[in-house]
Each structure stands twice: as structure tokens, then as C-alpha cells.
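Derivation of every value follows stated rules applied to the coordinates shown; laboratory data play no part. Predicted, not measured: the structure shown is a model, and the values here were computed from it. Methodologically, a virtual Cβ is constructed for each residue, glycine included, from the backbone with ideal geometry; neighbour enumeration extends over all protein chains shown.
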Amino acid sequence: MPGLFPLSSFLYPLHMELRVAHLYPDVMNIYGDRGNVIALRYRCEARGIGFRLSEINIGDPFDPAEFDLVLIGGGQDREQRRIADDLAARGPALRDAVDHGLPALAVCGGFQLFGHRYVDHDGSIIPGIGVFDLETRHPGPVADRCIGDVVLETELGEVVGFENHGGRTYLGLDQAPFGRVRRGFGNNATDGFEGARHNNAIGTYLHGSLLPKNPRLADELILAALRRRYGDAVEVTPLDDAPERAAHQNAAAIAARRSRAAKD
Ligand code: GLN
């Protein structure tokens with residue numbers, strides 16, 4: 001019967017599944033970063049793509065080769081200290097997997113620990129895992145925090161979110177940023193860069209949650225993960241993103257309004 005199975009269904013398996021590892025969700029989940037998981041689940045299941053979530057907590061078994069996408073959220077300095085040793089033990093395998101194309105999204109405190117190290121607010125050195133060539137230094141407890149709405153220009157278009165961090169992040173000479181700051185502080189409030197990008201891994205300071213307000217970014221992560229597992233022919237059908245676009249525009253408008261107010 002012609003048309004029973006569209007050609008595309010012969011290009012890749014009829015039923016695909018996204019296997020997601022969420023690192024330390026009970027500890028590294030400040031400012032609702034769990035919303036990124038909710039957005040990814042929705043954007044897969046709305047397309048008939050399976051979504052299998054594994055929460056990886058301290059001491060849990062974890063082999064990056066068994067996953068298509070890794071997420072880690074943000075956390076306060078004390079929470080970063082809590083998970084640092086466990087994350088460091090997983091560092092070589094995670095770094096190798098990202099070097100071989102594993103997609104990842106690391107937000108704020110998680111982003112900082114995906115660099116080489118984080119010198120925290122009282123000068124303690126928290127080791128990172130070196131996925132990104134960067135390091136972060138907190139200027140001390142009396143320094144202003146980088147707090148506010150953010151608008152970025154990235155290769156994936158405009159990205160909006162919210163930042164709240166004390167640490168200042170400095171990229172290595174060959175480390176690509178995730179984007180350039182149009183509004184907000186970004187990595188260190190001086191060089192105009194925000195986040196970092198290596199292969200299919202993205203690090204960013206943007207909370208929000210990030211992915212519900214940036215549907216193109218969410219879909220790019222999903223596509224990178226599915227194509228890595230099922231082949232480059234994979235496509236995803238467009239969704240009705242009217243609510244997501246409205247949330248995006250609203251966040252951009254708030255950032256613009258606050259940026260003008262700050263200049264007045
Ligand atoms: N504790 C880190 C800092 O203050 C990260 C904060 C966060 O994850 N929001 O820079």
C-alpha cells in the first residue's frame with residue numbers, strides 16, 4: 001500500500017529513543033535546571049521518539065557509552081564541592097565520550113566543573129574534568145555576583161536565559177565560546193563571551209530553564225544525539241513552538257528593558 005510507510009521511515013528506525021543521563025539531579029538543580037529534562041522529554045515524545053532518563057547520583061554506575069546525551073545543572077559552591085570528587089572520577093570517560101561526539105549540556109556550576117577547575121568564593125580549588133579548556137575563579141565573597149537576564153548571539157541564533165553566578169570563567173586560547181553577550185554579563189563580564197562549546201557539548205551560565213525558552217537549541221541537541229546513534233539521515237518534524245517563542249520573546253524583552261533601565 002503506497003504511503004503506508006513514508007520514505008523517511010526507511011531512512012532510520014521506525015522507533016527511535018533518546019537515552020539521557022542527568023548527572024546529580026538532586027544536588028545540581030539550582031534555579032529549575034530540571035526544566036531542561038522536561039523540555040527534552042516533551043520534544044521527543046511529541047514526535048513519537050522514546051525518551052529514557054537515567055538519574056546518576058553520587059556513587060551510581062555510569063558508562064557514557066550507554067547514553068546519547070548528558071545533562072548537568074547548576075549548584076552553589078558547597079553543592080559543587082559535594083559532587084566534585086565523584087565527577088572527577090568520571091572525568092576521563094566523559095571527556096573521551098565528548099571528544100568522540102557525545103552531546104552534553106552543562107549549566108552554570110556544572111559548566112564550571114566541566115572546565116579544569118573552579119576556585120570558589122573562599123579560595124578553595126574544586127577540580128573540574130577538563131571537557132572544556134577553561135577555568136573559573138570566584139573574586140571573593142564581597143564581589144558582586146553576575147545576576148540578570150541574558151541575551152546571546154550564537155551559531156544557533158538568539159538564545160535567552162537568566163544568570164546568577166559569582167565565578168568568572170576564562171576560556172583557553174583555542175576554546176570556542178557558546179556565544180557572544182548581547183545583554184548580560186556572560187563568562188566574566190569583560191570579554192563579551194558566554195559559555196563554551198566543544199564538538200556537541202555546550203556549557204553555559206544560562207538558567208531559565210534554558211531549553212523551554214530556546215526550542216531550536218533543544219532540537220539541535222536532540223538531533224545531534226539521534227544522528228550520532230541512528231545516522232545522519234535522521235530528521236525531526238517541526239513542532240508548534242508558539243508558546244516557546246512567546247516565552248523567548250518575553251525573556252528578550254525583559255532583558256532589553258532592564259538593560260535600558262540600567263543605563264538610565
Ligand atoms: N556556585 C557557582 C558560582 O557562584 C555556580 C552558581 C550556579 O550554578 N548558579 O559561580
Suppose a student asked you for the relative contact order of region 109-264, using Cα pairs under 8 Å spaced at least 6 residues apart; what percent would you report? 19
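Defining a contact as two alpha carbons under 8 Å apart and six or more residues distant in sequence, what relative contact order in percent does region 1-156 show?
Numbers: 237 pairs, mean separation 31.2, N = 156.
With pairs under 8 Å counted, the relative contact order is 20 percent.
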Using helices alone, what [θ] at 222 nm do you get for the chain, with -39,500 (n - 2.57) per DSSP H run of 4 or more residues, divided over all residues and rounded to the nearest 500? -10000 deg cm²/dmol
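Kindly state, to the nearest 0.05, the FRET efficiency for E45 paired with D96, given R0 = 41 Å and r defined as their beta-carbon distance. Numbers along the way, then the final one.
Values: r = 30 Å, r/R0 = 0.74.
Given R0 = 41 Å and the Cβ-Cβ separation, E is 0.85.
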In which sequence would K213, K263 go, from the one with the fewest C-beta neighbours within 10 Å to the one with the most? K263, K213
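Ranking request for peptides 68-80, 190-202: highest mean number of other beta-carbon atoms within 10 Å first, then the rest in descending order.
Working: 68-80: 22.9, 190-202: 20.8.
Descending packing order for the listed peptides: 68-80, 190-202.
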Expressed in nanometres to one decimal, the distance between label points 7 Å along Cα→Cβ at T237 and H15 is 1.7
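Could the peptides 47-53, 135-141 be put in order, highest first, of the mean number of other beta-carbon atoms found within 10 Å of their residues?
Working: 47-53: 13.9, 135-141: 17.1.
Going from most to least packed, we get 135-141, 47-53.
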Can you sort R229, R180 so the residue with the fewest Cβ neighbours within 10 Å comes first? R180, R229
How big is the charge dipole of the chain about its Cα centre, in debye rounded to the nearest 20, if each Lys and Arg gets +1 on its Cβ and each Asp and Glu gets -1 on its Cβ? 560
Please build a GNM for the chain, connecting alpha carbons under 10 Å apart, and tell me which residue among L23, L173, L105 fluctuates the most. L173
Going 7 Å from the Cα of D174 toward and past its Cβ, which residues in region 78-121 have a backbone nitrogen under 17 Å from where you end up? 96, 98-101, 116
The chain: relative contact order as a whole-number percent, Cα under 8 Å and 6+ apart: 20
